[in-house]
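> One structure is given below, represented as structure tokens, and several questions about it will come after.
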Amino acid sequence: MTGKSESLRDAYGVELVARGDADPELVVLDADLSGSTRTQLFGKKYPERFFNVGVMEPTMVTMAAGMALSGRTVFASTFAIFAAGQAYNMVRQSVCYNHANVKIVATHGGLLVGGDGGTHQMLEDLALMRGLPGMTVIAPSDAPTTRAAVRAITEFQGPAYVRLTRENLPVVTDGSFALGKAAELRPGSDLTLVAVGAMVARALEVAEELHKVGVEARVLDFASIKPFDEKALLKAARETGAILTLEEHSVLTGLGALVAAATSEAYPVPVRRIGVPDLFGESGDPWLLLDRYGLSKERALEEAWELLRGRGKVN
Amino acid sequence: MSAVAATADLDALRTTAREIRKDIIRMTYAAGGGHPGGSLSVTDLVTALVFHELRLDPAHPDAPDRDRLVLSKGHAAPALYSALARRGFLPVEELLTLRKLGSRLQGHVDRNKLPVIEASTGCLGQGIGMAVGMALDQRLRKGAARVYAILGDGECQAGPTWEALMAGGHYKLDNLTVILDRNQYETDGDTEALMGIEPIAEKFRAFRYETLDIDGHDFPAILGALDTARSTKGRPTAIVARTVKGKGVSFMERTHVYHGKPPTKEEAEKALAELGGGSLTG
Ligand SMILES: Cc1ncc(C[n+]2csc(CCOP(=O)(O)OP(=O)(O)O)c2C)c(N)n1
């Protein structure tokens with residue numbers, strides 16, 4: 001059901017080199033984290049097209065916009081807290097307002113950052129980036145999707161934000177990611193699990209547990225946060241009648257909020273949301289942190305049963 | 001050598017600094033993460049502040065007239081945690097909980113968990129601004145507390161650092177002392193290869209700071225500079241402390257490799273041996 005764990009960051013680094021091979025004009029910027037983001041792979045092969053600007057994320061983003069406005073495809077990488085947080089208004093004005101062809105690939109999203117603690121665990125980036133007009137937002141669930149997403153964002157002109165996870169994640173897809181399309185990773189008609197990023201593998205585990213007791217849960221990978229596959233969501237709402245969302249992001253403003261809004265407008269069904277509550281994170285083992293903040297498999301199963309009971313599908 | 005330095009117990013400071021360096025190795029090894037390089041470089045500066053310069057009282061950690069220390073390069077948390085523990089603000093045994101779930105010792109200094117920390121930092125470029133705010137507050141309330149901020153040299157590439165420094169100079173905050181841990185390396189390499197910050201002392205001067213350029217591992221020089229900062233009127237002081245990244249552990253010195261990488265067991269044992277011996281668990 002889920003394959004062995006692979007690094008999304010390594011996948012990015014390798015695919016970035018391939019994009020650089022294909023487009024000799026493509027440039028890459030980083031802000032003193034090129035070993036962690038893996039842009040150093042590109043930097044080693046194409047040193048003249050690589051700019052490691054030091055600790056200056058806002059200016060990295062404005063410089064990226066300037067190069068993009070001069071006709072290039074520009075990748076800029078750092079941690080999610082610095083890309084979406086530190087440089088927010090530069091992303092908003094210099095990149096999005098200018099429709100600049102800047103592809104921001106941010107690593108270290110979410111709680112899975114672990115030891116660095118709450119200051120570095122970015123839990124609001126999908127909301128911040130999704131709120132920007134013209135921005136494409138992707139949060140891959142595994143390494144194959146990461147590679148496909150990096151390819152996909154070079155196929156159009158305009159801004160994009162990709163959120164990667166620090167930890168290796170189980171391979172759950174065949175890499176057939178398509179922008180604006182949710183991937184159905186498991187069929188089912190009793191309930192739908194709508195998940196993103198690291199929580200997709202967890203959703204598959206939950207579905208497997210439910211299957212053992214005769215409940216078939218559909219699992220949708222919403223790596224493409226924007227554009228958002230409303231069609232697949234509403235189809236799931238109609239066909240399964242209940243939705244559980246799972247995200248490693250603030251539950252206030254993330255995928256769950258998006259799903260609740262979209263279904264309540266077009267086809268209201270019960271929605272329950274698993275995500276990080278209204279709290280900052282803290283230091284700790286990455287996977288223990290997920291449990292501590294209510295993102296455990298057990299908690300997801302409880303929520304699933306609540307939904308099923310509400311639907312009269314179980315007692 | 002200044003009068004202060006002459007009367008200080010330099011040997012005691014050196015001994016304390018060595019214990020703190022051992023703690024840094026033990027803590028980052030036990031955590032399997034953290035930032036040894038920039039913690040080891042800043043150790044003598046932190047030791048001089050916590051054990052000599054700052055007015056602090058472990059019995060009254062929140063005394064209103066205590067001096068304030070803001071570690072703007074918050075990833076050097078192990079150095080500050082160890083110094084505070086050895087000064088009596090928390091149990092030394094607690095140090096090995098660094099970065100563990102539930103610990104007060106977060107990966108970056110955190111006042112929510114450990115209130116003796118004056119300001120939570122981690123994302124670079126923000127501590128210096130908070131220090132300027134604290135110094136302004138002291139001036140307004142006619143308080144006697146002095147405010148110290150420790151910056152990294154990579155951190156000096158960040159725009160907010162200079163905005164805050166400009167404000168400190170503009171407001172002539174002579175109760176503010178900025179100490180730059182000039183260890184030459186950031187995460188990915190030499191600062192001058194990535195984004196050069198030199199001539200850094202001239203920059204501080206241009207931003208209206210009384211500027212001193214010292215060896216950041218020489219206690220008489222550190223104490224002398226802090227002395228000068230205390231007696232300088234009408235403007236803030238900046239101390240450019242030339243340090244060695246990874247100081248005290250041969251294989252960690254003058255490299256970026258151990259910026260954010262903890263020692264392996266063998267490396268930790270070797271490091272402790274070089275620092276004068278001791279076990280991995282303290
Ligand atoms: C705004 C920001 N960007 C990036 C980082 C990630 N980071 C942590 S330490 C570091 C390098 C800092 O270099 P320096 O200030 O020289 O620290 P030192 O060598 O003293 O440890 C970076 C880029 C951060 N903490 N904050």
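The values are calculated or read from the model by the stated rules, or taken from the named source; none is laboratory data. Only a predicted model underlies this, so the values are computations on that prediction, with no experimental measurement involved. Backbone-built Cβ (ideal geometry, glycine too); neighbour counts: all protein chains shown. The protein model used for the area step is the full one, side chains on, heavy atoms only, and it has no ligands, DNA or RNA in it. Shrake-Rupley method; radii C 1.70, N 1.55, O 1.52, S 1.80 Å.
> Over segment B:183-242, give the accessible area per residue in Å² for a 1.4 Å probe, as an integer. Walk me through the numbers before you get to the answer.
On the way: 2370 Å² over 60 residues.
Solvent-accessible surface per residue comes out at 40 Å².
> Using alpha carbon centroids, what distance separates segment B:76-132 and segment A:214-267, in Å?
40
> Still on this structure, please answer the following. What does the C-alpha gyration tensor say about the overall shape of the protein assembly as shown? Classify as rounded when a/c is under 1.5, otherwise prolate if a/b is larger than b/c, or oblate. Please report the intermediate quantities before stating the final value.
Numbers: a/c = 2.10, a/b = 1.73, b/c = 1.22.
Prolate, since a/c reaches 1.5 and a/b exceeds b/c.
> So how tilted is helix B:265-274 from the main axis of chain B? Cα-based, degrees 0 to 90, rounded to 10.
Taking the Cα atoms of chain B, the angle to B:265-274 is about 60 degrees.
> Please report, for the Cα atoms of chain A, the Rg to one decimal and the Dmax as a whole number; what are they, in angstrom?
Cα-based Rg and Dmax for chain A come out at 18.9, 65 Å.
> Hey, another quick one. Taking 0.36 nm per residue of separation and subtracting the Cα-Cα distance, what length does fully extending residue B:63 through residue B:257 add? Walk me through the intermediate numbers first.
On the way: separation 194, 0.36 × 194 = 69.84 nm, distance 3.99 nm.
Answer, rounded to one decimal: 65.8 nm.
> Please give the residues from segment A:249-284 for which the solvent-accessible area of heavy atoms, probe 1.4 Å, is smaller by at least 30 Å² with all protein chains in place than with the chain isolated.
Residues losing area: A:282, A:283.
> I need the shape label for segment A:183-310. Rule: rounded when a/c is under 1.5, else prolate if a/b > b/c, else oblate, with a, b, c from the alpha carbon gyration tensor. Please list the in-between numbers first.
On the way: a/c = 1.70, a/b = 1.25, b/c = 1.36.
Oblate shape, in that a/c is at least 1.5 and b/c is the bigger or equal ratio.
> Nearest 10 degrees, 0 to 90: what angle lies between the long axis of helix B:10-31 and the longest principal axis of chain B (Cα atoms)?
60
> A further question follows. At 1.4 Å probe radius, can you tell me the per residue accessible area of segment A:98-246 in Å²? Spell out each step's value before the answer.
Numbers: 4350 Å² over 149 residues.
Averaged over the residues of segment A:98-246, the accessible area is 29 Å².
> Report the number of Lys pairs in chain A whose alpha-carbons are under 30 Å apart, with separation of 8 or more residues or on distinct chains.
Close lysine pairs found across chain A: 29.
> With charges set only on the Cβ (+1 for Lys and Arg, -1 for Asp and Glu), what does the dipole of the protein assembly as shown come to about its Cα centre, in debye to the nearest 20? Kindly include the intermediate steps, with their values, before the conclusion.
Working: 67 positive and 74 negative charges, 145 e Å.
Dipole magnitude for the protein assembly as shown comes out near 700 debye.
> Calculate one ³J(HN,Hα) per residue across segment B:74-89 by plugging θ = phi - 60° into the Karplus curve 6.51 cos²θ - 1.76 cosθ + 1.60, and present them in order as whole Hz with x for glycine and proline.
x, 6, 7, 3, x, 5, 6, 4, 5, 4, 5, 5, 6, 8, x, 8
> Which residues belonging to segment A:88-121 lose at least 10 Å² of 1.4 Å-probe accessible area when the assembly is complete, relative to their chain isolated?
Buried by 10 Å² or more upon assembly, which counts only protein chains, are A:115, A:116, A:119, A:120.
> Rounded to the nearest 500 deg cm²/dmol, what is the calculated helix-only ellipticity per residue at 222 nm for chain A, with -39500 (n - 2.57) per DSSP H run of length n ≥ 4? Before the final figure, lay out each step's value.
Details: 11 runs with 113 residues, N = 315.
Per the formula, -10500 deg cm²/dmol.
> Are there any residues in segment B:114-150 with a reduction of at least 30 Å² in accessible surface when going from the isolated chain to the assembly of protein chains? Probe 1.4 Å, please list them by number.
B:123, B:124
> A further question follows. Stick to Cα atoms and the Kirkwood definition of Rh, then tell me Rg/Rh for segment A:237-315. Walk me through the numbers on the way to the answer.
Values: Rg = 13.7 Å, Rh = 13.4 Å.
Reported Rg/Rh (Cα atoms, Kirkwood Rh): 1.02.
> Can you give the extra length, in nm with one decimal, that the chain gains between residue A:151 and residue A:44 once fully stretched, where that is 0.36 nm per residue apart less the Cα-Cα distance?
Numbers: separation 107, 0.36 × 107 = 38.52 nm, distance 2.03 nm.
That works out to 36.5 nm of additional length.
> In sequence order, what are the phi-derived ³J(HN,Hα) couplings for segment A:281-294 according to the Karplus relation 6.51 cos²θ - 1.76 cosθ + 1.60 with θ = phi - 60°, rounded to whole Hz, with x for glycine and proline?
Per-residue couplings from phi come out as x, 7, 5, x, 4, x, 6, 5, 4, 4, 5, 4, 9, x Hz.
> Where in segment A:23-52 does the label zone of residue A:97 land, with the point 7 angstrom along Cα→C-beta and an amide N cut-off under 13 Å?
Answer for segment A:23-52: none.
> Taking all protein chains in place and a 1.4 Å probe, what share, in percent, of the accessible surface of chain B do carbon and sulfur account for? Intermediate values should be presented prior to the final figure.
Values: 5510 of 10490 Å².
Here carbon and sulfur together make up 52 percent of the probe-accessible area.
> For segment B:11-154, with every protein chain kept in place, what is the accessible area per residue (1.4 Å probe, Å²)? Write down the numbers at each step before the final one.
Working: 4720 Å² over 144 residues.
Counting only protein heavy atoms, the per-residue value for segment B:11-154 is 33 Å².
> First obtain the Kirkwood hydrodynamic radius of segment B:3-274 from its Cα pairs, then insert it into the Stokes-Einstein equation at 4 °C and 1.567 mPa s, and state the resulting D in µm² per second as a whole number. Mind showing how you got there, number by number?
Working: Rh = 18.3 Å.
The Stokes-Einstein estimate is 71 µm²/s.
> Hey, another quick one. Quote the FRET efficiency, to the nearest 0.05, computed for residue B:273 versus residue B:10 with a Förster distance R0 of 25 Å and r equal to the Cβ-Cβ distance.
On the way: r = 24 Å, r/R0 = 0.97.
So the FRET efficiency works out to roughly 0.55.
> With a 10 Å radius around each residue's Cβ, average the other Cβ atoms per peptide and rank A:126-132, B:103-109, A:244-250, A:152-158, highest first. List each step's numbers first, then the result.
Numbers: A:126-132: 21.6, B:103-109: 26.0, A:244-250: 28.1, A:152-158: 15.0.
In decreasing order of mean packing, A:126-132, B:103-109, A:244-250, A:152-158 become A:244-250, B:103-109, A:126-132, A:152-158.
> Between residue B:193 and residue B:231, take the C-beta separation as r, use R0 = 25 Å, and let me know the FRET efficiency to the nearest 0.05.
Approximately 0.10, to the nearest 0.05.
> Straight distance only, please: which aspartates and glutamates reach the Cα of residue B:113 with their own Cα at less than 18 Å, same-chain residues fewer than 8 apart left out?
A:116, A:278, A:282, A:285, B:62, B:93, B:94
> Kindly state, to the nearest 0.05, the FRET efficiency for residue A:21 paired with residue A:280, given R0 = 45 Å and r defined as their beta-carbon distance.
Values: r = 41 Å, r/R0 = 0.90.
Once rounded, the FRET efficiency stands at 0.65.
> Could I ask something else about it? Quick check: at a probe of 1.4 Å, how many percent of the accessible area of chain A sits on carbon and sulfur atoms? Let's see the in-between values first.
On the way: 5710 of 11420 Å².
Carbon plus sulfur share of accessible area: 50 percent.
> How would segment B:180-282 be classified by its alpha-carbon gyration tensor: rounded, prolate or oblate, with rounded meaning a/c under 1.5 and the a/b versus b/c comparison settling the rest? Intermediate results must be reported in sequence, preceding the final value.
On the way: a/c = 3.61, a/b = 1.69, b/c = 2.14.
Cα axes put segment B:180-282 in the oblate bin.
> Taking the Cα-to-Cβ direction at residue A:301 and at residue B:172 and moving 7 Å from each Cα, how far apart do the two end points lie in nm?
7.0
> Can I ask one more? Buried accessible area between B and A (1.4 Å probe, both chains summed, ligands and nucleic acids excluded), in Å² to the nearest 100? Present the calculation step by step, with values, prior to reporting the outcome.
On the way: alone 11420 and 12320 Å², together 21910 Å².
Chains B and A together bury approximately 1800 Å².
> Using only Cα atoms and rounding to the nearest 10 degrees, what angle (0 to 90) does helix B:159-170 make with the longest principal axis of chain B?
Relative to chain B, helix B:159-170 is tipped by roughly 40 degrees.
> Let me ask something else about it. In nm, what is the difference between 0.36 nm times the number of residues separating residue A:10 and residue A:264 and their Cα-Cα distance? The partial results should precede the final answer.
On the way: separation 254, 0.36 × 254 = 91.44 nm, distance 3.88 nm.
So the chain would gain 87.6 nm between residue A:10 and residue A:264.
> For chain A, what is the relative contact order in percent, using Cα pairs closer than 8 Å and at least 6 residues apart in sequence?
On the way: 744 pairs, mean separation 53.7, N = 315.
Computed value for chain A: 17 percent relative contact order.
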